[in-house]
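Notes for the one structure printed next.
The values are calculated or read from the model by the stated rules, or taken from the named source; none is laboratory data. Note that this is a predicted model, so its numbers are computed, not measured. Every residue, glycine as well, gets a Cβ built from its backbone with ideal geometry; the counts of neighbours run over all protein chains shown.
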Amino acid sequence: MKKLMNDPAHYVDEALDGLTLAHPSLMRDGSAGRVIRRAEATRKGKVGIVSGGGSGHLPLFCGYVGQGLLDTCSIGNVFEGPNVDSCMEAIRLADGGQGILRLYGNYGGDRMNFDIAGEMLEDEGIRCTTVLGTDDIASGGPDEIERRRGVAGLIYAYKCAGAAAEAGAHLEEVTRLAAKAVAMTRTIGVGLAACRLPSAARPSFELGENEIEMGIGIHGEPGIWRDTLRPSDAVADEMVERLLADLPPSGAEVSVLVNGLGATPLEELFILFRRVHKKLAEAGLRVVMPLIGNYVTSMEMQGASVSLFHLDEELKRLLLAPAECPFWRVG
Amino acid sequence: MELTVEQIAEGVRRANHAMVDLEQALNAADAKLGDGDTGSMLVRVIGGMAAAAPKTATSVSEAFGKLARAGMSATGSSLGTLFAGAMLLLAKQTKDRSVDWADLSALVGAARDGMMARGGAKLGDKTVLDMMDALAAALEGKTDAAQAGKAGVDAAERTLEAYRDRPCKMGRAKFFSEKSVGLDDPGMLAFAGLVRALATAK
């Protein structure tokens, strides 16, 4: 597994330098430059939406800072939580006087850092709420959703919380809508080949030449099964069946995210989507705003994830509201 | 005997010095099931703590607070954040009072409980918490640095040994639970190495 990079120790900071040069709407901030914020000043009177997480997943997390999405994002080393300092700075920089929603994936390290940051800021009087992404159905049973990890479906919660905050909703309402978006989102991944950390000598796990892993996590966490490679349609069928079994549809519309994990060609994602679309139609579901591309990656991991976001009128309106960041534009 | 700011600063100096030898061994232990960066991460954390000049603190609580903040700037890794979080808890526990070596058992116990609540691991999961639990028990009734050091080193080595052949149930290694049998947990190994360093004048 070759990497086009300089020093592994500078991997994250050099990537952030390039990202912000390419996209002037994003700015590095914080004592160590490990916060990305919107270039324009924080809007007074708006609820702030803060996320954060380890590097290695671009566009997630910091690529979703923008109008109608996130205000700030704290950034950790590759596959490592953002430190307490950067979480505190991200919260302060997003503070427009109406409180902060901390919205990030359910990982122990990220939780600890954001929790301690919240405690350290108690004296500053910034009101914070937390909603955790828990969309990965392979990481816990339906009866233990609080144990599930957050993966690609987190961007639906970003979108809904961001739209509500932009429209002037107060903190309790923004928090409720983010939690509702998480509750209506389900994701499952499939891995074809592993990735390697910039500082590591070997890939973080191994998959045989002709092997795939159903349910793999975005850091290579083990999934549900490993078996021989099969046609895309069979993989799509199983993914959709598992997703619908986990959360049976309550309405008639879903948004679908067919997400590449980093090293999968768009062609393969469209081949997968074509069958996912058919399966959803057979289940009586209409697809709204399909998203196909690399939205949440795991460096050079090969594979894809499929997320379903079950819509009602309220969530659909938030999903379709205007938003703009370097990697996602709506309206 | 009173636990002093000077003793804490000396402990950080010893730990920082010990990391020179521990770094590669801890990286190698972590590489078995993880990213192979536990040693390098702790070098950054403890190096940051040493650079924060705990010696200049005017109280034990302030010294622990300096260590906590230095740790929080140095890493976002779970083990490093837990370590810094434990220091923060010690800073709160020792606020506005003098501390005696005889209090250390209860303080380590409080840090253990705080880390358990923070990180979600349980006793018996084969983590650094099992080391803290053993240390808290071993420090009971110890009233000076020499007694505490000897009891601490014994407890750390005994616990490392006792857990070696058990499966890990926390962190990334929990996904490879059966493979962790026979391997020392990198966090526990670091804890043992650091307790040994704290107890040994160099």
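Which pairs do you get when a residue that is on the phi > 0 side of the Ramachandran plot, found in the stretch A:86-100, comes within reach of a residue that is of a type outside the set (Lys, Arg) and part of a loop (DSSP other than H, G, I, E, B), reach meaning Cβ atoms under 6 angstrom, with the pair 6+ apart or on two chains?
Listed by first residue and then by second, the contacts come to A:Gly99/A:Val47.
Working only within the stretch B:80-94, note down all residues that are at the interface with chain A (Cβ under 9 Å from one of its Cβ atoms) and either not in a helix (DSSP H, G or I) or not small (Gly, Ala, Ser) (or both).
Hits for the stretch B:80-94 are B:Thr81, B:Leu82, B:Leu88.
Condition check ((1) of a type outside the set (Phe, Trp, Tyr); (2) within 14 Å of chain B (Cβ to nearest Cβ); (3) assigned to a loop (DSSP other than H, G, I, E, B)) across all residues:
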residue: A:Ala41; (1), (2), (3): yes, no, yes
residue: A:Ile75; (1), (2), (3): yes, yes, no
residue: A:Pro82; (1), (2), (3): yes, yes, yes
residue: A:Met88; (1), (2), (3): yes, yes, no
residue: A:Arg102; (1), (2), (3): yes, no, no
residue: A:Asp123; (1), (2), (3): yes, yes, no
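Each row is one residue, and each column tells you yes or no for (1) assigned to a loop (DSSP other than H, G, I, E, B); (2) among the small types (Gly, Ala, Ser); (3) more than 14 Å from every other protein chain (Cβ to nearest Cβ).
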{"site": "B:Gly11", "(1), (2), (3)": "no, yes, yes"}
{"site": "B:Ala18", "(1), (2), (3)": "no, yes, yes"}
{"site": "B:Asp21", "(1), (2), (3)": "no, no, yes"}
{"site": "B:Gly34", "(1), (2), (3)": "yes, yes, no"}
{"site": "B:Met41", "(1), (2), (3)": "no, no, no"}
{"site": "B:Ile46", "(1), (2), (3)": "no, no, yes"}
{"site": "B:Arg69", "(1), (2), (3)": "no, no, no"}
{"site": "B:Asp103", "(1), (2), (3)": "no, no, yes"}
{"site": "B:Val108", "(1), (2), (3)": "no, no, yes"}
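Report, by residue number, each residue of the stretch B:158-202 that is in contact with a Pro (Cβ under 6 Å, 6 or more places away or on another chain) and either polar (S, T, N, Q) or touching a residue at least 12 places away in the same chain (Cβ under 8 Å) (or both).
B:Ser177, B:Ser180, B:Val181
Any chance you could count how many residues in the stretch A:230-273 are free of Cβ contacts under 8 Å to residues at least 12 places away in the same chain and either of a type outside the set (Gly, Ala, Ser) or surrounded by 22 or more Cβ atoms within 10 Å (Cβ to Cβ) (or both)? Outline the logic, then answer.
Narrowing the stretch A:230-273 to residues free of Cβ contacts under 8 Å to residues at least 12 places away in the same chain: A:231, A:234, A:245, A:248, A:265, A:267.
Checking which are either of a type outside the set (Gly, Ala, Ser) or surrounded by 22 or more Cβ atoms within 10 Å (Cβ to Cβ) (or both) leaves us with A:231, A:248, A:265, A:267.
The total comes to 4.
Only one of (1) assigned to a helix (DSSP H, G or I); (2) surrounded by fewer than 20 Cβ atoms within 10 Å (Cβ to Cβ); (3) away from chain A (no Cβ under 11 Å) is not met by B:Thr58, so which one is it?
Among (1) assigned to a helix (DSSP H, G or I); (2) surrounded by fewer than 20 Cβ atoms within 10 Å (Cβ to Cβ); (3) away from chain A (no Cβ under 11 Å), B:Thr58 violates only (1).
For a quick check of your reading: which strands (runs of 3 or more DSSP E) sit entirely within the stretch A:172-239 and have at least 2 residues that are aromatic (Phe, Trp, Tyr), within 13 Å of chain B (Cβ to nearest Cβ) and in contact with a His (Cβ under 7 Å, 6 or more places away or on another chain)?
In the stretch A:172-239, no matching strands (runs of 3 or more DSSP E) lie anywhere.
Let me spell it out: the conditions are (1) of a type outside the set (Gly, Ala, Ser); (2) in contact with a helix residue (DSSP H, G or I) (Cβ under 8 Å, 6 or more places away or on another chain); (3) under 24 Å from A:Pro222 (Cβ atoms); (4) within 14 Å of chain B (Cβ to nearest Cβ), and A:Arg111 meets all of them except one. Which number is the exception?
(2)
Select, from B:Ala106, B:Ala51, B:Ala70, the only residue that is among the hydrophobic types (A, V, I, L, M, F, W, C), within 23 Å of A:Glu89 (Cα to Cα) and surrounded by fewer than 20 Cβ atoms within 10 Å (Cβ to Cβ).
B:Ala51
Please work out which one of (1) within 22 Å of B:Ile46 (Cβ to Cβ); (2) at pLDDT 95 or above is the condition B:Thr200 fails and give its number.
(2)
Looking at (1) more than 10 Å from chain A (Cβ to nearest Cβ); (2) free of Cβ contacts under 8 Å to residues at least 12 places away in the same chain; (3) not in a helix (DSSP H, G or I), can you tell me which one B:Asp113 breaks?
B:Asp113 satisfies all of (1) more than 10 Å from chain A (Cβ to nearest Cβ); (2) free of Cβ contacts under 8 Å to residues at least 12 places away in the same chain; (3) not in a helix (DSSP H, G or I) except (3).
Just to be sure I understand, how many residues within the stretch B:146-173 are part of a helix (DSSP H, G or I) and either modelled with pLDDT of 95 or more or surrounded by fewer than 20 Cβ atoms within 10 Å (Cβ to Cβ) (or both)?
Looking only at that region, the number is 19.
Taking the stretch B:123-138 only, how many residues are within 14 Å of chain A (Cβ to nearest Cβ) and in contact with a helix residue (DSSP H, G or I) (Cβ under 7 Å, 6 or more places away or on another chain)?
Number of matching residues: 3.
Return only the number of the condition from (1) farther than 19 Å from A:Lys180 by Cα; (2) outside any helix (DSSP H, G or I) that A:Thr129 does not satisfy.
(1)
Any chance you could count how many residues in the stretch A:19-39 are part of a strand (DSSP E or B) and either within 14 Å of another protein chain (Cβ to nearest Cβ) or not basic (Lys, Arg) (or both)?
5
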